[in-house]
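Single-structure report; data block below.
The values are calculated or read from the model by the stated rules, or taken from the named source; none is laboratory data. What you see is a predicted model; the values in this text were computed from it and never measured. Cβ sites come from the backbone with ideal geometry, for glycine too, and all protein chains shown count toward neighbours.
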Amino acid sequence: MTLKTPEQYEESLRKLNLKVYLQGELVENPVDNPIIRPSMNAVKATYELAQKPEYKDLMTATSHITGKTINRFCHLHQSSADLVKKVKMQRLLGQKTAACFQRCVGMDAINAVDSTTFEMDQKLGTNYHDRFIKFLTTMQEEDWTVDGAMTDPKGDRSLSPSKQADADLFVHVVEKNADGIVVRGAKAHQTGAINSHWILVMPTISMGQEDADYAVSFVAPADADGIFYIYGRQSCDTRKLEGGDIDVGNKQFGGHEALMVFDDVFIPWENVFMCGEYEFSGLLVERFAGYHRQSYGGCKVGVGDVLIGATALAADYNGAAKASHVKDKLIEMMHLNETLYACGIACSAEGCKTASGTYLIDLLLANVCKQNVTRFPYEIARLAEDIAGGLMVTMPSEKDFRNPEIGKVVEKYFKGVASVPTEHRMRILRLIENLTLGTAAVGYRTESMHGAGSPQAQRIMIARQGNLAQKKELAKAIAGIPQAGK
Amino acid sequence: MIKRRISISFCGGCNPRIDRKRIAEEVEDYLTPDGYIVVYNSAEVDLIVYLSGCSANCAHRYSGSDTPGVVVAGNTLNAMAVTAEELSFLISGKVSDYFEQLEKSLSR
Ligand SMILES: Cc1cc2nc3c(=O)[nH]c(=O)nc-3n(C[C@H](O)[C@H](O)[C@H](O)COP(=O)(O)OP(=O)(O)OC[C@H]3O[C@@H](n4cnc5c(N)ncnc54)[C@H](O)[C@@H]3O)c2cc1C
Ligand code: SF4
């Protein structure tokens, strides 16, 4: 069953025994919880689109292990064409869900762990890669959604893991025995955790010898003994409990993050992919972050497409669409959005083969992509708010609109162009609110800033990869200054 | 001994992270005393050293050649990370290894 149907995916989640806390209470049934359900729908869309012939080329790939058709989210990129298709798939899913569809973090994690464990084994004589490929083969066979868990809570940012006041602020090994290891700690901001079958844990920063216990990578079932989750609050989340479908902005889809806690969790050796090899932690972080910085050149662009469309409709509905500044602002939004896409495609097209055979993006261009993502969605959102007008934040509720008495008042006074029903205008403005200030702004705005690393993390990589020395030599050659070694 | 012909085939050189010219010269210096004939950018050879300045690996990616090769892309040799200082020496080693293996398999 290498391709699960959307229904099979939902059923498989029901069989998990996840321990999830939401607003101070243990959730009995996460799949049907109204706050969580839209995020499950977004992951479900990754299964649904893979079933459709018109999306097969982007949504599926051929496994290099078994030769079977698998979901692209379970695939190791075998060419730069695969890297390009990944970005296109993410744009497509962003367009279809207008939300974070969560499954990319695991895809980026498997690709990073593959090449890193291969190179680790070559250098150190370990056998992590074989173990990893065994896990991956089952993941592909079962079409699992895997949570990519990198970010630790990190405590005092000026201190390394072993120097923290509380040793658990980074996930670490507390016991090793003949059968496996026991780990303790937590991972913060875990996208899609509650919709995942397995968790792939990686270290969060480059580490030194004193942090060897923190240099750990492994997989665990999402409902393993000792793992529990505290669900992340989102702006306007409780609107989902009101039962309507206008005020939520996007009734069907959403994203989520959670704090994932490891309370002395046993991991058998066959599921361990790094344990103390601190000198490879930096490589793993760099590659995972690189892939995830590429990802945003797809997913944020797809969500951006929806926001731009919504903004253009808001202008149609209030009669301002023909104004030259409105047209120009929509052009600017498209220009910014396509620039992000261009970066996502460029770092993929320039991707290269690693020693394991898996393709890696061009790291400099992937970091440039993400650096732009920390800015452009904010500008796109600003322009959307400009064109939408103040009503997107002052509009009465759906309940007022549905009220037999005052509903007529809302209908009358919030009408824009006479031919467009007020309800359509309200729906579009609520969608813009959702994307720029509501539940989806978690993914479209703050995640654009911090997801896959805060802006400074990309600037460090750009400094490292930017080849400033060569640029100086180029300038010297043109200016007639003697060059190094000449 | 049959003289083995090696080509050092360059990428376009738009944004190199390594000094391709210096590396090519050093590889030539290593190989010619051992009887290899080193030429540049030719497909009519026994082995090609694809020498790309960065990870984009254009020398190999766009070569369209099926001649066996040693692939250098920035600071990687056959996709494994190496330092710029050891690159020329390691490339020459890979070239010699290739022909040693070839001779062994032919003499079997
Ligand atoms: C919506 C969302 C989804 C996410 N999904 C995932 C996920 O699925 N999996 C996952 O593993 N992670 C995920 N992340 C985590 C993401 O990678 C982190 O948010 C990011 O690495 C920044 O870490 P932080 O949030 O702890 O910020 P902080 O570390 O608190 O950063 C805040 C500021 O402090 C600065 N700073 C921090 N440390 C230092 C230092 N040592 N020196 C100088 N300046 C410093 C930063 O540059 C930044 O400006 C997600 C984040 C978000 C917001
Ligand atoms: S933010 Fe984007 S890349 Fe990350 S999981 Fe969500 S959709 Fe995928």
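If you take the residues in the range B:65-91 that are of a type in the set (A, V, I, L, M, F, W, C) and without any contact (Cβ under 8 Å) to a residue 12 or more places away in the chain, which one is farthest from the other protein chains (Cβ to nearest Cβ)?
For the range B:65-91, the residue satisfying everything is B:82.
Quick one: in the range A:56-74, of everything that is within 16 Å of ligand 2 (Cβ to nearest atom) and out of contact with any Asp or Glu (no Cβ under 7 Å at 6 or more places or on another chain), which residue is farthest from residue A:8 (Cα to Cα)?
A:58
Name the single residue, out of those in the range A:195-204 being assigned to a loop (DSSP other than H, G, I, E, B) and either within 14 Å of chain B (Cβ to nearest Cβ) or in contact with a helix residue (DSSP H, G or I) (Cβ under 6 Å, 6 or more places away or on another chain) (or both), that is nearest to ligand 1 (Cβ to nearest atom).
If we take residues in the range A:195-204 being assigned to a loop (DSSP other than H, G, I, E, B) and either within 14 Å of chain B (Cβ to nearest Cβ) or in contact with a helix residue (DSSP H, G or I) (Cβ under 6 Å, 6 or more places away or on another chain) (or both), then A:202 is nearest to ligand 1 (Cβ to nearest atom).
Give all pairs with beta carbons closer than 8 Å in which a residue from the range A:421-449 that is more than 17 Å from residue A:240 (Cα to Cα) and without any contact (Cβ under 8 Å) to a residue 60 or more places away in the chain meets a residue that is aromatic (Phe, Trp, Tyr) and away from ligand 2 (no atom under 13 Å from the Cβ); count only pairs at least 6 apart in sequence or on separate chains.
Pairs found: A:422/A:401; A:422/A:414.
Scan the range A:289-328 for residues that are free of Cβ contacts under 8 Å to residues at least 12 places away in the same chain and either out of contact with any helix residue (DSSP H, G or I) (no Cβ under 6 Å at 6 or more places or on another chain) or of a type in the set (Ser, Thr, Tyr) (or both) and jot them down.
A:309, A:322, A:323, A:324, A:325, A:327, A:328
Quick one: which of A:232, A:226 is on the phi > 0 side of the Ramachandran plot and surrounded by fewer than 24 Cβ atoms within 10 Å (Cβ to Cβ)?
Selected residue: A:226, the only one of A:232, A:226 that is on the phi > 0 side of the Ramachandran plot and surrounded by fewer than 24 Cβ atoms within 10 Å (Cβ to Cβ).
Just one of the numbered conditions (1) over 30 Å from residue A:68 (Cβ atoms); (2) out of contact with any Leu (no Cβ under 9 Å at 6 or more places or on another chain); (3) within 16 Å of ligand 2 (Cβ to nearest atom) is not true of residue A:191; which one?
Result: residue A:191 passes all but (1).
Limited to the range A:97-116, what total is found for residues that are within 14 Å of ligand 2 (Cβ to nearest atom) and within 14 Å of chain B (Cβ to nearest Cβ)?
0
Identify, from the list B:99, B:10, the residue that is under 23 Å from residue A:346 (Cα atoms) and touching a residue at least 40 places away in the same chain (Cβ under 8 Å).
Every option except B:10 fails the conditions.
Here are the criteria: (1) under 20 Å from residue B:100 (Cα atoms); (2) within 14 Å of chain A (Cβ to nearest Cβ). Tell me which single one residue B:33 does not satisfy.
(2)
Listed here are the residues, each with its yes/no results for (1) assigned to a helix (DSSP H, G or I); (2) within 16 Å of ligand 1 (Cβ to nearest atom); (3) at pLDDT 95 or above; (4) over 14 Å from residue A:224 (Cβ atoms).
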position: A:148; (1), (2), (3), (4): no, yes, yes, yes
position: A:151; (1), (2), (3), (4): no, yes, yes, yes
position: A:156; (1), (2), (3), (4): no, yes, yes, yes
position: A:159; (1), (2), (3), (4): no, yes, yes, yes
position: A:162; (1), (2), (3), (4): yes, yes, yes, yes
position: A:168; (1), (2), (3), (4): yes, yes, yes, yes
position: A:175; (1), (2), (3), (4): no, no, yes, yes
position: A:178; (1), (2), (3), (4): no, no, yes, yes
position: A:184; (1), (2), (3), (4): no, no, yes, no
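Of these, B:39, B:95, which one is outside any strand (DSSP E or B), away from chain A (no Cβ under 14 Å) and either in contact with a Gly (Cβ under 9 Å, 6 or more places away or on another chain) or at pLDDT 95 or above (or both)?
B:95
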